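The values are calculated or read from the model by the stated rules, or taken from the named source; none is laboratory data. Not measured: the values here are computed from a predicted model. Please note: Cβ atoms are built from the backbone with ideal geometry, for glycine as well, and neighbour counts cover all protein chains shown.
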Amino acid sequence: MKVVVAGERPFVEEIGSLCVQAGHEAVLYLVEDFNTAVQSGWAMADAANADIAIELHNESAAAKEELLVSLAASVPRDALLLASALATNTTQAAAWVPNPERVVGFSVVPPLKREGIVEFAAGLRTGDEAIERAFAFAKNLGHEPVMVADGPGLVRARVVCCLVNEAASALLEGVATAEDIDTAMKLGTNYPYGPLEWADYMGLDTVLGVLVGLFNEWGEDRYRPSPLLKRMVAARQLGRKTGEGFYSYTKGDS
C-alpha cells in the first residue's frame, strides 16, 4: 500500500519507519514541508494514488484543520484518513473534510516499537468499513488495535500528559529537580520513562496540545496546563526536537 504521513516529529519518523518495515511505500512530510509541497503541486503527485493518509499534528487546531483539509484534497476520495486524536476528538477532525465516514481517530505514544497497541476511536460519522481498514492496517504494522471512546488524548496520551502536567507543576513549585522527579517515578513506580523525559521525547507542544484539548472538551481544572509548560512551549523549548526542554540535548540525541 501507499501511505502518506504528515505531521510532527517524532511521530512522522516513527510511524513512517513502521510502514516501511511492513513493506509499504511511505511518503513522509513534516507539517511545514507538506504545506510547501501543496503549493508546489508535489503533494498532489505524491498522494494521488495513496491508500491511506495519516495526519499527525497535535499542537494547533487551526493548523490541524489546514493539514487535514490539504491531505483530504490530495488523496483519493476513498482513501482511509487516520487523524491523530491527541489534541482534538475524531468527530471534530472528520467534520473538517469531505467524506467524514472515512476518518478514524487514533492515538500512539512515542517511542513506538514494532509490537505495541494503537488506540482507535470512531467519530459520530465514521463508517464501519473505515474502522475495519484501520484495524487491518494496525495489525499489518505489528500493533494490536483497540477501540476506545472518542475524546482528546484517548487513553494513554491522556493519562501520560496529565502525569507530565503534574510533574511540571512539581518542578515549578520547587518540590524536586527534574532529574529527581523522573528518578522517583522510574524507580518508585516502575515507569519506563520519567514523565519529564517522556515529555521531551513526545514534544512539549504535543503535551500542551493534549491538555488544551482536554480542558476545552471537559472544562475541568485537572486538565489546566501548568504555567511552566505553557512558558516552555512559548519559548520553543519543545524537547528533543529543538534541543532544549526539561533537559538539554546534543544534535545526535534529537
Check: Failed condition for Cys162, given (1) at pLDDT 95 or above; (2) outside any helix (DSSP H, G or I), with all others met?
Finding: (2)
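So which residues in segment 165-183 are β-branched (Val, Ile, Thr) and in a helix (DSSP H, G or I)? Reasoning before the result, please.
As a first pass, look at segment 165-183 and keep what is β-branched (Val, Ile, Thr): 175, 177, 181, 183.
Once the filter is applied, which keeps residues that are β-branched (Val, Ile, Thr) and in a helix (DSSP H, G or I), segment 165-183 yields Ile181, Thr183.
Let's see how each residue does on (1) within 24 Å of Asn89 (Cα to Cα); (2) touching a residue at least 40 places away in the same chain (Cβ under 8 Å); (3) assigned by TED's automatic domain parsing to the domain that holds Ala62; (4) of a type in the set (Ser, Thr, Tyr):
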| site | (1), (2), (3), (4) |
| --- | --- |
| Thr183 | no, no, no, yes |
| Lys230 | yes, no, no, no |
| Lys241 | no, yes, no, no |
| Ser248 | no, no, no, yes |
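Would you mention how many residues in segment 185-198 are of a type outside the set (D, E, K, R) and either in contact (Cβ under 8 Å) with a residue 40 or more places away in the chain or not in a loop (DSSP other than H, G, I, E, B) (or both)?
Qualifying residue count for the region: 7.
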Notebook entry, point to check: Considering segment 191-242 alone, what residues qualify as being of a type in the set (Phe, Trp, Tyr) and surrounded by fewer than 21 Cβ atoms within 10 Å (Cβ to Cβ)?
Noted result: Tyr191, Tyr193, Tyr201, Phe215, Trp218
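Considering only segment 35-66, state which residues are assigned to a helix (DSSP H, G or I) and either free of Cβ contacts under 8 Å to residues at least 24 places away in the same chain or touching a Gly at 6+ places or on another chain (Cβ under 7 Å) (or both). Walk me through how you get there before you give the answer.
Our first condition is that a residue be assigned to a helix (DSSP H, G or I); within segment 35-66, this holds for 35-40, 42-47, 61-66.
Thr36, Ala37, Gln39, Ser40, Trp42, Ala45, Ala62 - these are the residues of segment 35-66 that are assigned to a helix (DSSP H, G or I) and either free of Cβ contacts under 8 Å to residues at least 24 places away in the same chain or touching a Gly at 6+ places or on another chain (Cβ under 7 Å) (or both).
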Margin query: I'm checking my understanding of the structure. Among residues of segment 149-159 that are in a loop (DSSP other than H, G, I, E, B) and over 13 Å from the mean Cα position of the chain (by Cα), which one is nearest to Asp205 (Cα to Cα)?
Written below: Gly151
Check: Any idea which residue in segment 52-81 is nearest to Phe137 (Cα to Cα), counting only those that are of a type outside the set (A, V, I, L, M) and over 20 Å from the mean Cα position of the chain (by Cα)?
Finding: Asp78
Checklist line | Hits in segment 111-148 - residues which are buried (at least 17 other Cβ atoms within 10 Å of the Cβ), not aliphatic (A, V, I, L, M) and not in a helix (DSSP H, G or I) | finding: Glu119, Phe120, Gly123, Thr126, His143, Pro145
Margin query: Let me spell it out: the conditions are (1) touching a Pro at 6+ places or on another chain (Cβ under 8 Å); (2) over 29 Å from Ser70 (Cα atoms); (3) in contact (Cβ under 8 Å) with a residue 24 or more places away in the chain; (4) not small (Gly, Ala, Ser), and Val118 meets all of them except one. Which number is the exception?
Written below: (2)
Next item on the list: Check whether at least one residue in segment 100-112 is within 16 Å of Gly123 (Cβ to Cβ) and hydroxyl-bearing (Ser, Thr, Tyr), and report yes or no.
Entry: yes
Item checked: Total residues in segment 87-112, condition farther than 21 Å from Met44 by Cα, in contact with a Gly (Cβ under 6 Å, 6 or more places away or on another chain) and of a type in the set (A, V, I, L, M, F, W, C) -> 1
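Give the residue that is farthest from Pro152 (Cα to Cα), with candidates limited to residues of segment 82-116 that are aliphatic (A, V, I, L, M) and more than 14 Å from the chain's Cα centre (by Cα).
At the first step, the residues of segment 82-116 found to be aliphatic (A, V, I, L, M) are 82-83, 85-87, 93-95, 97, 103-104, 108-109, 112.
Still in the running and more than 14 Å from the chain's Cα centre (by Cα): 94-95, 97, 103.
On the way: Ala94: 14, Ala95: 15, Val97: 18, Val103: 15 Å.
Looking at residues that are aliphatic (A, V, I, L, M) and more than 14 Å from the chain's Cα centre (by Cα), I get Val97.
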Margin query: Quick check on my filter: what residues within segment 8-34 are surrounded by fewer than 24 Cβ atoms within 10 Å (Cβ to Cβ) and assigned to a strand (DSSP E or B)?
Written below: Glu25, Ala26, Val27, Leu28, Leu30
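Applying the selection to segment 219-254, what residues are in a helix (DSSP H, G or I), within 20 Å of the chain's Cα centre (by Cα) and hydrophobic (A, V, I, L, M, F, W, C)? Steps first, please.
So the first thing to find is which residues in segment 219-254 are in a helix (DSSP H, G or I), and the list is 221-223, 227-234.
Now drop any that are not within 20 Å of the chain's Cα centre (by Cα), which leaves 223, 229-230, 232-234.
Hits for segment 219-254 are Leu229, Met232, Val233, Ala234.
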